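J.: My structure is below; once you've seen it, I'll send some questions.
The values are calculated or read from the model by the stated rules, or taken from the named source; none is laboratory data. Everything numeric here is computed off the predicted structure, so don't read it as measured data. All Cβ positions, glycine included, derive from the backbone under ideal geometry; neighbour counts span all protein chains shown. Note: accessible area is taken over every heavy atom of the protein model, side chains too, but ligands, DNA and RNA are not part of it. Shrake-Rupley method; radii C 1.70, N 1.55, O 1.52, S 1.80 Å.
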Amino acid sequence: MDIALRPVHGSDLPVFFRQLNDPESLRMAAFTPEDPADRDRFDAKWAHIRSSPEIVARTVLVDGDVVGSVSVYGEAGEREVTYWIDRAHWGRGIATAALRALLTEVTERPLYARAAADNAGSLRVLRACGFEVTGKARGYAAGRGEETDELVLSLEG
């Protein structure tokens, strides 16, 4: 399995939109857009992401096929990682490999991440990449339609 990152192309966006609208993925991710089916809002968000020099966004490819995205965003000293892998590819080490590749490209530290406290897969990915739990929060998770516990993780030096 060949896992690679590349800059996001416009042709990736329909794939990302489809992935974002998978009900099981939304529930697992928890902290998602209020209305993931709003294509105009999705397109506006990705236009901002792709035009912002502060955001490093990459498409995740497996054997040349688009399977997700991985990004770093936010203000200096508060930058966060985020990733989304198509549910059909969960459990194969793709998110871990993609995040490790991004962390090689983006060398600034600290970096932060957030995950629903019960999202064992995402927490496994983050811990495998060196992130450690540094805090807890609770907030409204649109992907679940309810208040949800969240863990805050950091990657130092």
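J.: Per residue of the chain, what 222 nm ellipticity follows from adding -39500 (n - 2.57) for every DSSP H run with n ≥ 4, rounded to the nearest 500? Present the calculation step by step, with values, prior to reporting the outcome.
T.: Working: 5 runs with 49 residues, N = 157.
Only helices count here, giving -9000 deg cm²/dmol.
J.: Classify region 35-122 as rounded, prolate or oblate, taking a ≥ b ≥ c as the square roots of the eigenvalues of its Cα gyration tensor: rounded when a/c is under 1.5, otherwise prolate if a/b is larger than b/c and oblate if not. Intermediate values should be presented prior to the final figure.
T.: Details: a/c = 1.35, a/b = 1.05, b/c = 1.28.
Because its axes are fairly even, with a/c under 1.5, region 35-122 counts as rounded.
J.: On to the next question. Restricting things to Cα coordinates, could you compute the convex hull volume per residue of region 1-82 in Å³?
T.: Spelled out: Cα convex hull of region 1-82, divided by residues, is 112 Å³.
J.: Based only on the alpha carbon positions, what is the Kirkwood hydrodynamic radius of the chain, in angstrom? Before the final figure, lay out each step's value.
T.: Values: mean 1/r = 0.0631 Å⁻¹.
Every distinct Cα pair counted, the radius reaches 15.8 Å.
J.: Then there is this: Looking at region 36-84, what % of the alpha carbon pairs are farther apart than 15 Å? All intermediate terms of the calculation are to be shown ahead of the outcome.
T.: Details: 648 of 1176 pairs.
Considering region 36-84, 55 percent of its Cα-Cα pairs are separated by more than 15 Å.
J.: Still on this structure, please answer the following. Could you sort His9, His48 by accessible area so the largest value comes first, with the probe set to 1.4 Å? Show your work: numbers first, answer last.
T.: On the way: His9 85, His48 105 Å².
Heavy-atom accessible area, descending, gives His48, His9.
J.: If you keep only loop residues by DSSP, which GluC sites (Glu not before Pro) in region 1-77 have at most 14 other Cβ atoms within 10 Å of their Cβ?
T.: Details: sites: Glu24, Glu34, Glu54, Glu75; in loops: Glu34, Glu54, Glu75.
Loop-located and lightly packed - Glu34, Glu54, Glu75.
J.: Then there's this: Residues in region 1-40, backbone N under 12 Å from the label point at Ala101 (7 Å along the Cα-to-beta-carbon vector): list them, ranges by number please.
T.: Within reach of a label on Ala101: 1-8.
J.: By accessible area of protein heavy atoms, probe 1.4 Å, what ranking do Phe17, Phe42 get, highest first?
T.: Numbers: Phe17 40, Phe42 15 Å².
From most exposed to least exposed: Phe17, Phe42.
J.: To two decimal places, what compactness ratio does region 101-157 give when its Cα radius of gyration is scaled by 2.2 N^0.38 Å? Before the final figure, lay out each step's value.
T.: Values: Rg = 12.3 Å, N = 57, 2.2 N^0.38 = 10.2 Å.
Cα-based Rg divided by the globular estimate yields 1.20.
J.: Taking the Cβ of Ala44 as the center, what net charge do the other residues with Cβ under 13 Å away carry, scoring Lys and Arg +1 and Asp and Glu -1? Before the final figure, lay out the partial values.
T.: Working: positive: Arg39, Arg41, Lys45, Arg50; negative: Asp35, Asp38, Asp40, Asp43.
So the surrounding residues net to 0.
J.: Any idea of Met28's accessible area? Nearest 10 Å², probe 1.4 Å.
T.: About 70 Å², rounded to the nearest 10.
J.: Please list, by residue number, every one of the GluC sites (Glu not before Pro) in region 102-157 that is coil in DSSP and has at most 16 other beta-carbon atoms within 10 Å.
T.: Values: sites: Glu105, Glu108, Glu132, Glu146, Glu147, Glu150, Glu156; in loops: Glu108, Glu156.
When the GluC sites (Glu not before Pro) of region 102-157 are filtered for loop state and at most 16 Cβ neighbours within 10 Å, Glu108, Glu156 remain.
J.: Okay, which of region 40-70 sit inside 18 Å, backbone N to the point 7 Å along the Cα-Cβ direction of Arg6?
T.: Answer for region 40-70: 50, 57-70.
J.: Right, another one. Sorted by accessible area with a 1.4 angstrom probe, largest first, how do Arg79, Arg87 fall?
T.: Details: Arg79 15, Arg87 95 Å².
The most accessible residue leads, giving Arg87, Arg79.
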